[in-house]
Amino acid sequence: MAQINPEEFTVTDFAVREHRSLWGDAWGRLISSNTARLGMFIVILFVFSATFSHYFWEYEPKKDLDYSLKLKAPNLIVTEEIPSIHPFGTDKLGRDIFRRVVHGGWNSLRVGIVAVGISLFFGGVIGLLTGFYETVIMTTIERIVLFGITGFLLGMLSAWISNQLIQLVVFTLLGLAAGYYKDILEGKLSRVGIFGLLGALGSAIPAFFMGASVALICGILGLLSGVLLSMALDGRFFSNVMMRIMDMILSFPGYLLAIAIVAFLGPGLGKGMIAIGVVGIPVYARLTRSAVLSVVHKEYILAAQSVGESHGRIIIRHITPNILSPIIVQTTMGLANAILSAAALGFLGLGAIPPEPEWGAMLGDSYRYLTSGAWWAVLYPGLAIMLSVLGFNLLGDGLRDALDPKLRT
Amino acid sequence: MTPLLEIKNLKTRFYTQDGVVRAVNDVSYTMDSGEILGVVGESGCGKSVHALSMMQLIPYPPGKITNGEVWLDGQDLLTLNEEEMQKVRGRDIAMIFQDPMTSLNPVFTIGFQITEALLLHNDMTKREAKDRAGELLELVGIPGAKDSLDDFPHQFSGGMRQRAMIAMGLSCEPKLLIADEPTTALDVTIQAQIIDLVKKLQEELGMAIMWITHDLGVVAELAHTINVMYAGSIIETGQIHNIYKETKHPYTIGLLGSLPRLDDAPGTELVSIPGLPPDLLALPEGCPFAARCEYRIEKCLIEKPPLVGINGKDHSVACWRWEEIAGIGSK
């Protein structure tokens, strides 16, 4: 029998384990997947080339014009006929397609980030608030803010019809009063009556100077608004209203709505970003809300409430970090979607204004020359769109698997 | 001496699609400071809901407190609005929850969560709060307390997490600590440790503790007084020896009778109370227990018995026939 020397043995203390952070774990899973690595490579290449070309490779689209080089096929060596190298060929104005594709990446990246930023910010805030206040009692201040905003929005409608700003003030004040004096006359008919009357008069009298019919419309609108404000609104009402508005936006086909918004705002890359961003808001709002609802009933939220934490703190510190993973995934996928939408708008001539290099616009400019054999003018911008979208999608898929391994099938 | 906590006619309702759930019905009792009160009853009898109602933490909608007063230290909590309640929660009343696995936020370290609770109600710097959090963890008996501050909840075992929860509850030295089935999710040896810990802490810090449980064995070890709840009402309340030795209400008798005993002969079958608790959507008019009670008379089905004092403040029971039944329970 072997002699056991106790000094040779070290006791492993299982309670003391190495720190492994959530993000470290996720990174490990992400990097171990081939498709995610490919996606990441494409995305990094895309971001890198777009940023560097923007800052270190000057390009002035307005001055780039050379009819002598019109629609030349790709060439990699200088010939007598073509004195410069054009790896992707040239387009109908003799512009180097390689250069325009690379610079177009910057515009796509900008559209992606700004549009997703808009959707994420508004959608996220709406989702967090509606999800949280659906079951949590609001404090007086929160109620006042909510009612004030409701009043303001109603007032805008009325003020728009009557072309006067007084309704805005009247309804905002009504909303603030309704929020502040929630407990007085709650649910009583007199409260409904007083608010309805105030709303009707406050809206109709100033509108009367515009004409009797305007006054009538404003009066009815004011009455309805007053009655609405007099109800003891709670978070669930707020949530319902917001989500129905989101449903309304969602019920339009995305591109159609984006085209309508661009038609309303006027063409331009910036306007296109806003349009794509607005179209994306409901997606993020619903996603965030559902994630919040799944977290808000967890016991640690109740525990946070029971030690007396304020609502803002609970939302920011306890809920947000716990719902990040689906939102990160959606954001990555959303970037691909935004790039695609921007290209679609550009193709229709609603996005970037012509000399500006933009993939969709380049396609729109050149597809007519496809029949005359100029395949390169269409192929390369198209490939750029496809690759960038593919890259973000692969990365998004990889992130989903990495951040939520339970979902993997 | 005025009691620390006085609850008067507390009523909580849940307005659901199927109708009104009458979760808490006219609960009234008092608690002195430094008292350990055990609230006992089977699942769904309103134990937790009445505690959450006190803190105004019931989900709203559908839940709503429709009536009642909760006086804590001369202040009616139910008249306070949400902002004022946020100041009371944690500072005056703290709560420990049933499942230590889910009651700590998985994305923050234990130290961060305790520090956060400390900073909310105390005027101290982050450094001081962190030191205090370390002391608290030491107080609740976590080995290597100072180093554990940087651990995440998943690195703690169930018992350690419950200790961390207790540390969080104690952080602002509340006057009343509500423990909502804190040992239900733990195994028996850890249960015993937590009970000893709470006992020790109560002696050291002197706060009142409300211990909500369905385990009569646990409260017997811990509590000074006991409230037995059934279908949202208190049906028997009193000093611990009164409840265990001079049981009056047939439900309490049934509960105690259904406990397995070490001195039972092998092969003895456990006694159970026949039937099910009443549907809180449609509570009977009379005594809620009448349908399952072997001593019921006609009066029980018509009129709900009030909680009457038998032995002054020490023992009250809500039963029409307690005097006749009394003899059986003491057997």
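The values are calculated or read from the model by the stated rules, or taken from the named source; none is laboratory data. Not measured: the values here are computed from a predicted model. Cβ sites come from the backbone with ideal geometry, for glycine too, and all protein chains shown count toward neighbours.
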* Structure fact -> Scanning the range B:168-194 for residues that are over 15 Å from A:GLN305 (Cα atoms) and among the β-branched types (Val, Ile, Thr), the one modelled with the lowest pLDDT turns out to be B:THR184
* Residue ID - nearest to A:ILE327 (Cα to Cα), chosen from residues in the range A:125-146 that are more than 13 Å from every other protein chain (Cβ to nearest Cβ) and surrounded by fewer than 20 Cβ atoms within 10 Å (Cβ to Cβ) -> A:VAL125
* Asked: So which residues in the range B:120-152 are facing another protein chain (nearest Cβ under 10 Å), assigned to a helix (DSSP H, G or I) and free of Cβ contacts under 8 Å to residues at least 40 places away in the same chain?
  -> B:ASP147, B:SER148
* Identify the single condition in (1) crowded, with 19+ Cβ neighbours inside 10 Å; (2) touching an Asp or Glu at 6+ places or on another chain (Cβ under 9 Å) that B:MET55 does not satisfy, given that it satisfies every other one. => (2)
* Residue that is nearest to B:GLY19 (Cα to Cα) [pool: residues in the range B:46-90 that are in a helix (DSSP H, G or I) and charged (D, E, K, R)] -> B:LYS47
* Identity of the residue in the range B:20-58, touching a Ser or Thr at 6+ places or on another chain (Cβ under 8 Å), among the small types (Gly, Ala, Ser) and touching a residue at least 60 places away in the same chain (Cβ under 8 Å), that ends up farthest from B:GLN86 (Cα to Cα) -> B:GLY38
* **Residue match in the range B:221-233 (condition: surrounded by fewer than 24 Cβ atoms within 10 Å (Cβ to Cβ), part of a helix (DSSP H, G or I) and not aromatic (Phe, Trp, Tyr))** => yes
* Quick one: A:SER388 ticks every box in (1) within 14 Å of chain B (Cβ to nearest Cβ); (2) over 30 Å from B:CYS172 (Cα atoms); (3) buried (at least 21 other Cβ atoms within 10 Å of the Cβ) bar one, so which box is it? -> (1)
* **Any hit, the range B:68-76, residues being within 12 Å of chain A (Cβ to nearest Cβ) and either of a type outside the set (Val, Ile, Thr) or closer than 22 Å to B:VAL228 by Cβ (or both)** => no
* To do: State whether the residues of the range A:316-327 include one that is free of Cβ contacts under 8 Å to residues at least 24 places away in the same chain, within 14 Å of chain B (Cβ to nearest Cβ), surrounded by 20 or more Cβ atoms within 10 Å (Cβ to Cβ) and not hydroxyl-bearing (Ser, Thr, Tyr).
  => yes
* Structure fact -> Scanning the range A:202-242 for residues that are assigned to a helix (DSSP H, G or I) and within 14 Å of another protein chain (Cβ to nearest Cβ), the one surrounded by the fewest Cβ atoms within 10 Å (Cβ to Cβ) turns out to be A:ASN240
* To do: Kindly indicate the residue of the range B:153-183 that is among the basic types (Lys, Arg) and assigned to a helix (DSSP H, G or I) and also farthest from the other protein chains (Cβ to nearest Cβ) among those meeting that condition.
  => B:ARG163
* Asked: Restricting attention to the range A:282-303, and to residues there that are more than 7 Å from chain B (Cβ to nearest Cβ) and of a type in the set (Gly, Ala, Ser), which single residue is farthest from the chain's Cα centre (by Cα)?
  -> A:SER294
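Please determine whether any residue of the range A:81-103 is part of a helix (DSSP H, G or I), surrounded by fewer than 18 Cβ atoms within 10 Å (Cβ to Cβ) and in contact with a helix residue (DSSP H, G or I) (Cβ under 6 Å, 6 or more places away or on another chain).
Looking through the range A:81-103, none of the residues is part of a helix (DSSP H, G or I), surrounded by fewer than 18 Cβ atoms within 10 Å (Cβ to Cβ) and in contact with a helix residue (DSSP H, G or I) (Cβ under 6 Å, 6 or more places away or on another chain).
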* Please specify each residue of the range B:84-119 satisfying the condition of being more than 8 Å from chain A (Cβ to nearest Cβ), without any contact (Cβ under 8 Å) to a residue 60 or more places away in the chain and of a type in the set (Asp, Glu). => B:GLU84
